[in-house]
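For reference, the structure discussed in these notes is given below.
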Amino acid sequence: MPLAPKSDFRAVLRVLKDHGVDFIVVGGVAAVLQGAPVSAFDLDVVHSRDEANIARLLAALEELEAWHRSHPERGLRPDASHLSSPGRQLLMTHYGPLDLLGAIGRSRDYQDLLAHCTEMPVGGGLVVRVLSLEALITVKQETGADKDLATLPILQRTLAEKRRS
Amino acid sequence: MPPDEEIPAEQSAAPEDGVDVTLIRWLLSLTPAERLDTLQQFVDSVLEARAASAQV
């Protein structure tokens, strides 16, 4: 299985939108979009696990030629059973890494997170749903992983600065 | 800058809590699209550097 030729966050988002996929941008890209100076090499999204949405997502993943990057030698393609789970699917696409999350934090899924999102224009006429900085902080606190806790002070300071301005 | 001139604490490059608020303010001055472009340029430059070092 070939490595991804380059990274293009916006291209991945556009394919998801073009296929009508219901999703929320979370993780490092969501943090950067809201002004937090963190780095991210993969795009994390929480998708709706509604049956119709999973069908749309599979079509988008086919266009992206997505495969499970944890087993590159097998070239395993994601299927509906993978995407219906609350777990994390670590994928590679021809526009770079894409992590699909069924739920984050304390089992918060797409429906739970919808009330904590904002619509953001990300260029090229593209508008995507992004998890708010407040909710990102809550989820990272709930997760409690070292890498999440490491970025918490940056997210908290960014939120404080946003509230000041 | 003259050596005896003190930098205000707010402008220090080494804030006490390790969070560089000047970077936050800079990113907040950009639009979301510009922030995404900034991240993309960072990722591209790292990947290019990694590819270049692999060829050595």
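Bear in mind these aren't lab numbers, they're just calculated from the coordinates by the rules spelled out. Computed from a predicted model, the values in this text were never measured in an experiment. Backbone-built Cβ (ideal geometry, glycine too); neighbour counts: all protein chains shown.
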- Message: Condition first: in contact with a Ser or Thr (Cβ under 9 Å, 6 or more places away or on another chain), farther than 14 Å from A:Leu13 by Cα and assigned to a loop (DSSP other than H, G, I, E, B). Now tell me which residues in segment A:77-97 satisfy that.
- Response: A:Pro86
- Task: Examine segment A:146-155 for a residue that is facing another protein chain (nearest Cβ under 10 Å) and touching a strand residue (DSSP E or B) at 6+ places or on another chain (Cβ under 6 Å), and state whether such a residue exists.
- Result: no
- When segment A:98-119 is checked residue by residue, the ones that are surrounded by fewer than 20 Cβ atoms within 10 Å (Cβ to Cβ) and outside any loop (DSSP other than H, G, I, E, B) are A:Asp99, A:Ala103, A:Asp109, A:Gln111, A:Asp112, A:Leu114, A:Ala115, A:His116, A:Cys117, A:Thr118, A:Glu119
- Note on the structure: Among residues of segment A:121-165 being of a type in the set (A, V, I, L, M), surrounded by 17 or more Cβ atoms within 10 Å (Cβ to Cβ) and over 16 Å from the mean Cα position of the chain (by Cα), the residue farthest from A:Asp50 (Cα to Cα) is A:Ile154
- Note on the structure: Scanning segment B:34-56 for residues that are over 17 Å from the mean Cα position of the chain (by Cα) and within 8 Å of chain A (Cβ to nearest Cβ) gives B:Leu47
- Item | Considering residues of segment A:121-131 that are in contact with a strand residue (DSSP E or B) (Cβ under 8 Å, 6 or more places away or on another chain) and within 12 Å of chain B (Cβ to nearest Cβ) only, the residue nearest to B:Leu47 (Cα to Cα) | A:Val122
- Query: When segment A:132-162 is examined, which residues are found to be closer than 16 Å to A:Thr118 by Cα and charged (D, E, K, R)?
  - Reply: A:Glu134, A:Lys162
- Message: Condition first: farther than 27 Å from A:Arg49 by Cα and more than 14 Å from chain B (Cβ to nearest Cβ). Can you find one or more residues in segment A:101-120 that meet it?
- Response: no
